[in-house]
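Down below is the structure, laid out as structure tokens.
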Amino acid sequence: MPATVLTARALLLDMDGTLVNSDAVVERCWRRWAVEHGLDPEAALKVVHGRQGYATMAVLLPDRPMEENYADNRVMLAEETADVEGVVPIGGAPAFMAAIAELPHALVTSADSALATARMGAAALPMPAARVTAEQVGASKPDPEGFLKGAAELGFDAADCIVFEDSEAGVAAGRAAGMRVVGVGPRAAALAPDAHVADLTQVRVEAAGDGSIRLHIDEA
């Protein structure tokens, strides 16, 4: 199959499941939380990816006061930040990050700054200078706020940005922002993104002479 070529002016990158494989710690922490609250851990894990913790809790416990979700989320973030066992880069992420180092890009993650720093560090990936973390948004993905803020920080229109995402909430956020989406990994396969890859080894980055970014994508 010939490569799909997408052209952009800037790239907006999710972290968990897109650049960093943190599934092991996410599953440890959320299984424990689900059991503590009398929930089916497997059902809970279908909801957690892509959202901030309090938003996941609101879906799983819709009748619980939001103040309790915020409190539990603070505890969850501390646990996840302290636990980096098994956190590794997604396939191809080190070379991909090296290829875009001098190109406009930003991290847009549902993690807070401390968790993002811990996981990017554990995966030995460079932290983008431009980033939008949980503290900087009022609404979690699938709301588009984070991606719109990332585009604004880089100085580009939404239509000029391509999002890299792995989760249903993240892909929905990118679409709601009016951006094209490259889906990464198995969770994104069924979400009909503009292009889909198993991991970042299937993406080749080309800096064009007019300042644009060409992505050559060998689709999964």
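Using Cα-Cα distances under 8 Å and only pairs 6 or more residues apart, what relative contact order does the range 122-220 have, in percent?
18
Rg to Rh ratio, the range 1-101, alpha-carbon atoms and Kirkwood radius?
1.07
Ignoring ligands, DNA and RNA, what percent of the 1.4 Å accessible area of the chain is carbon and sulfur?
C and S fraction of accessible area: 54 percent.
Testing the spin-label approximation: label points 7 Å from Cα along Cα→Cβ at ALA152 and ALA129. State their distance in nm.
Inter-label distance under the simple model: 2.1 nm.
Counting only heavy atoms of protein chains, what accessible area per residue, in Å², does the range 1-130 have with a probe of 1.4 Å?
44
For Cα pairs less than 8 Å apart in space and 6+ apart in sequence, what is the mean separation divided by the residue count of the chain, i.e. the relative contact order in percent?
28
Using Cα pairs under 8 angstrom and six or more residues apart, how large is the relative contact order of the range 1-123, in percent?
The normalised contact order for the range 1-123 reaches 41 percent.
Which listed residue (ALA98, GLY50, CYS29) has the Cα farthest towards the positive end of the charge dipole for the range 19-111, taking +1 on Lys and Arg C-beta and -1 on Asp and Glu C-beta about the Cα centre?
Checked the options; the winner is ALA98.
Starting with the highest mean, order 62-73, 88-99 by the number of other Cβ atoms within 10 Å, averaged over the residues of each peptide.
88-99, 62-73
What residue among LEU13, LEU61, ALA116 has its Cα farthest toward the positive end of the dipole of the chain, where the charges are +1 on Lys, Arg and -1 on Asp, Glu, each on the Cβ?
The Cα lying farthest towards the positive end belongs to LEU13.
Under a point-charge model restricted to the Cβ atoms of Lys and Arg (+1) and Asp and Glu (-1), what is the dipole moment magnitude of the chain relative to its Cα centre, in debye to the nearest 20?
About 260 debye.
Convex hull over the Cα atoms of the chain, averaged projected area in nm²?
So the mean shadow area of the Cα hull is 11.3 nm².
Which of the peptides 140-152, 170-182, 111-123 is most tightly packed, and how do the rest follow, going by the mean number of other Cβ atoms within 10 Å of each residue?
Per-residue Cβ counts within 10 Å, averaged per peptide and sorted highest first, yield 170-182, 140-152, 111-123.
State the antiparallel share, in %, of DSSP beta bridges confined to the chain, rounding to the nearest 5.
Beta bridges within the chain, antiparallel portion: roughly 40 percent.
With N set to the residue count of the range 91-220, report its C-alpha Rg divided by 2.2 N^0.38 Å to two decimal places.
Output field value: 0.99.
Just reorder GLU168, GLU27, GLU42 by solvent-accessible area, largest first, 1.4 Å probe, all chains present.
So, going from the largest accessible area down, we get GLU168, GLU42, GLU27.
The values are calculated or read from the model by the stated rules, or taken from the named source; none is laboratory data. Note that this is a predicted model, so its numbers are computed, not measured. Glycine gets a Cβ as well: all are built from the backbone with ideal geometry, and neighbour counts include every protein chain shown. Surface accessibility is based on the protein's heavy atoms, side chains included, excluding ligands, DNA and RNA. Shrake-Rupley method; radii C 1.70, N 1.55, O 1.52, S 1.80 Å.
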